[in-house]
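Handing you a structure now.
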Amino acid sequence: METRSTETFQDGGDEFSVICLRKFELSGVDNFMVWATDERVTRFCRFNPYTSREQAIDYIKNTVIPHPYFRAICLKDRAIGAISVTSNSGEDRCRGELGYLLAAKYWGKGIAARAVKMVASSIFSEWPHLERLEALVDVENTGSQRVLEKAGFVREGVLRKYVILKGRTRDT
């Protein structure tokens, strides 16, 4: 896929109904910093809020750009969040894990659910080895749980003490 390739989704007529997903570019670091420095956004992420532009550039250059499926969620061609799918390996190759985040200013507007629907509707044709797309969500992250439900995901259970997040064992 080309660097500038995008997928567009529109439903309804409000200003938040047209979003696109595109690959990240280093030129988008300032938009990235808007959400990556926000403690509300990173609360349930494995990383702490970014504190410098250089730190963000390093992450985008060395992790985001080489990642096989890491996209910017864009509104009016401006990145307001991110969404990724990470394929498992070996015997678990049939599963992919979905992750996403969105600038707090855009929470509650249906944007994240639309982005999840876009990925869920295309990832299986892009990656034919996948048979299952899953998302692990902290039990306290009710907003993300709602996003997934709106996008058609089904809650299958709670994994007790499944992950250590910022030094604390968490249920997902």
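Kindly evaluate residue 82 against the criterion of being open to solvent by less than 40 Å² (accessible area, probe 1.4 Å), free of Cβ contacts under 8 Å to residues at least 60 places away in the same chain, closer than 18 Å to residue 39 by Cα and aliphatic (A, V, I, L, M).
yes
So which residues in the range 116-155 are of a type in the set (Asp, Glu) and modelled with pLDDT of 95 or more?
Hits for the range 116-155 are 126, 131, 134, 149.
Please pick out the residue among 29, 41 that is over 28 Å from residue 169 (Cβ atoms), at pLDDT 95 or above, open to solvent by less than 80 Å² (accessible area, probe 1.4 Å) and of a type in the set (Val, Ile, Thr).
29
Condition check ((1) loosely packed, with under 14 Cβ neighbours inside 10 Å; (2) of a type outside the set (A, V, I, L, M, F, W, C); (3) closer than 28 Å to residue 34 by Cα) across all residues:
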| residue | (1), (2), (3) |
| --- | --- |
| 93 | yes, yes, no |
| 99 | no, yes, yes |
| 102 | no, no, yes |
| 111 | no, no, yes |
| 118 | no, no, yes |
| 138 | no, yes, yes |
| 165 | no, no, yes |
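Further question on the same structure: List pairs: first residue in the range 157-172 and of a type outside the set (A, V, I, L, M, F, W, C), second residue in a strand (DSSP E or B) anywhere in the structure, Cβ distance under 6 angstrom, at least six positions apart or on different chains.
161/169; 170/163; 172/163
The values are calculated or read from the model by the stated rules, or taken from the named source; none is laboratory data. What you see is a predicted model; the values in this text were computed from it and never measured. Cβ sites come from the backbone with ideal geometry, for glycine too, and all protein chains shown count toward neighbours. The area values use the complete protein model at the heavy-atom level, side chains included, leaving out ligands, DNA and RNA. Shrake-Rupley method; radii C 1.70, N 1.55, O 1.52, S 1.80 Å.
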